[in-house]
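What follows is calculated from the coordinates using simple rules that are stated; it is not laboratory data. Here the structure is a predicted model, which means the values were calculated and not measured.
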Amino acid sequence: MTAPAWLTVLTTTDSEAKAHALAQSAVEARLAACAQISAPITSVYRWQNAIDTTEEWQVLFKTAAERYDELEEHIEREHDYETPEIIALPVIRGSARYLGWVTAETAPPAAL
């Protein structure tokens, strides 16, 4: 099985403004072709030996797999959570035009 060429990477944060900042900065840096913000969502999780419930905003980044490491570093640097959720889901299939656009929009600066 070959590795996927594209990924959807997701994270969550505790405010709409923070979600927009993460989305904007990743797209500006060409680490994601686009970012979609869903909100609000309710997260229930265990943290520091307690169950917590929090309203959060989910950000889905569309990117080329070759940019994942840089996108992960970017999210970790820009995020204010101690341990932000960063999960990459493979894109198995998609429109050739759309995936071509994702590839072009996330091309490393040296490739432009």
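Mind checking the alpha-carbon convex hull of region 1-54 and giving the volume per residue in Å³? It would help to have the intermediate numbers written out before the result.
Values: hull volume 7.2 nm³, N = 54.
Residue-normalised Cα hull volume stands at 133 Å³.
Calculated from DSSP H runs of 4 or more alone, at -39500 (n - 2.57) each and per residue, what is the 222 nm mean residue ellipticity of the chain, nearest 500?
Working: 3 runs with 34 residues, N = 112.
So the helix-based figure for the chain works out to -9500 deg cm²/dmol.
Could you pull the Cα extents of the chain along its three principal axes, largest to smallest, in whole Å?
45, 30, 21
Restricting to Cα pairs below 8 Å that are 6+ residues apart, what does the relative contact order work out to for the chain? Please round to a whole percent.
39
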